[in-house]
Amino acid sequence: MIIAIDGPAGAGKGTLAARLAAHYGYHYLDTGLLYRAVGHLMAERGLDLDDPATAGNVARALDPSHLAEGELRGREAGERASRVAVHPEVRSALVDFQRAFALRKPGAVLDGRDIGTAICPEADVKLYVTASPEVRARRRTDELNAKGRDVDYGRILAEIRERDERDAGRASAPLRMAADAVLLDTSALDIEGVFRAALAIIDAKRAEIAANAP
Ligand code: DC
């Protein structure tokens, strides 16, 4: 069973994906971490993020089992990830790892930007999780302020818009909804509502697969 979850930054896909994986006992891969790790390693080594060949070399040498999550979660790492993710050399270097992960038994949940369109076009369930830029910026601002960081809503909104533009506007595997994905707009839903909506979709698919099994 492969569950592909795509959508823009800050729509709540990570929270949803992790909960779904825990609920069904599936493996979970946050594919954004791979791109974040490439950007982070490059910055650490003083390399040019906009150089496709160098970025491709770093991506090919990446050992995903060594992802130190903590330092990759921040806004700066997200911005760097989005920049290196435009390079086809980087994207192709990360394909095999993601596809192998998706095949893990008894199932896998992957979240990212191109899972339903490019990495796992054969996924059993595809969800496209989104929310308006304003709602995403408001949530992110509140989240950071709650952690004691004094951030400005207008600045966060501008960052979100910029990231959306780069992720959806790039030539290689841009962010877009797969034709057979189900749209989950979380603008007016809380985490619980999104989770329940996703469960209904996935349970229906699981029942269909069980009914068709030999
Ligand atoms: O989901 P995230 O915010 O951690 O992703 C960081 C960046 O990585 C995102 O802005 C674009 C890139 N990315 C991608 O291009 N494809 C993916 N499957 C996941 C992330």
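Have a look at Thr117, Ser132, Ala179 and report the one farthest towards the positive end of the charge dipole of segment 114-214, computed about the Cα centre with Cβ charges (Lys/Arg +1, Asp/Glu -1).
Ser132
With all protein chains present, how much of the accessible area of the chain (probe radius 1.4 Å) comes from carbon and sulfur, to the nearest whole percent?
Numbers: 5450 of 10310 Å².
The nonpolar share, carbon plus sulfur, comes to 53 percent.
Need one word for segment 139-214: rounded, prolate or oblate. Basis is the Cα gyration tensor (sqrt eigenvalues a ≥ b ≥ c); a/c below 1.5 gives rounded, then a/b vs b/c decides.
Working: a/c = 3.85, a/b = 1.66, b/c = 2.32.
Note, shape of segment 139-214 comes out oblate.
When N is the residue count of segment 16-81, what does its C-alpha Rg come to as a fraction of 2.2 N^0.38 Å? Could you put the intermediate results ahead of the total?
Details: Rg = 13.4 Å, N = 66, 2.2 N^0.38 = 10.8 Å.
Cα-based Rg divided by the globular estimate yields 1.24.
Taking amide hydrogens as modeled 1.01 Å from N in the peptide plane, which residues meet the under 5 Å criterion relative to Tyr28, leaving out close sequence neighbours?
Val109
What percent of all Cα-Cα pairs in the chain falls in each 5 Å bin, counting up from 0?
Result returned by the calculation: 1, 7, 15, 19, 20, 17, 12, 6, 2, 1, 0, 0.
Quick one: which residues, 5 or more positions from Gly112 or on another chain, have an amide H under 5 Å from its amide H? H modelled 1.01 Å from N in the peptide plane, none for Pro or chain starts.
For Gly112, the qualifying residues are Ile5, Asp6, Gly7.
Reachable aspartates and glutamates from Lys205, Cα under 16 Å, same-chain residues fewer than 8 places away excluded?
Glu122, Asp124, Asp180
Report Rg (one decimal) and Dmax (nearest whole number) for segment 57-115, counting Cα atoms only, units Å.
Reported Rg and Dmax, both Å: 12.4, 35.
Within the chain, what's the longest run with no trypsin sites (Lys or Arg not before Pro) in a DSSP loop and at most 16 other beta-carbon atoms within 10 Å? Give the range, please. Don't skip to the end; give the middle numbers.
On the way: sites that count: Arg45, Arg73, Arg104, Lys147, Arg149, Arg176.
Longest gap between qualifying sites, sites excluded: 1-44.
Taking a probe of 1.4 Å, how large is the accessible area per residue of the chain, in Å²?
Details: 10310 Å² over 214 residues.
Solvent-accessible surface per residue comes out at 48 Å².
Over the Cα atoms of segment 82-148, compute the convex hull volume and normalise it per residue, giving Å³. It would help to have the intermediate numbers written out before the result.
Numbers: hull volume 9.5 nm³, N = 67.
Normalising the Cα hull of segment 82-148 by residue number yields 142 Å³.
Using modelled backbone amide H atoms (1.01 Å from N, in-plane), which distant-in-sequence or interchain residues come within less than 5 Å of Ala131's amide H?
Amide H neighbours of Ala131: Thr186.
Any lysines with Cα under 21 Å of the Lys147 Cα? List them, leaving off those in the same chain fewer than 8 positions away.
Lys13
Given the DSSP H assignment, sum -39500 (n - 2.57) over each helix run of at least 4 residues in the chain and divide by its residue total; what's the result at 222 nm in deg cm²/dmol, nearest 500?
Working: 9 runs with 116 residues, N = 214.
Result for the chain: -17000 deg cm²/dmol, rounded to the nearest 500.
The values are calculated or read from the model by the stated rules, or taken from the named source; none is laboratory data. Everything numeric here is computed off the predicted structure, so don't read it as measured data. With ideal geometry, Cβ positions are generated from the backbone for all residues, glycine too; neighbour counts draw on all protein chains shown. Calculation scope for accessible area: heavy atoms of the full protein, side chains included, ligands and nucleic acids excluded. Shrake-Rupley method; radii C 1.70, N 1.55, O 1.52, S 1.80 Å.
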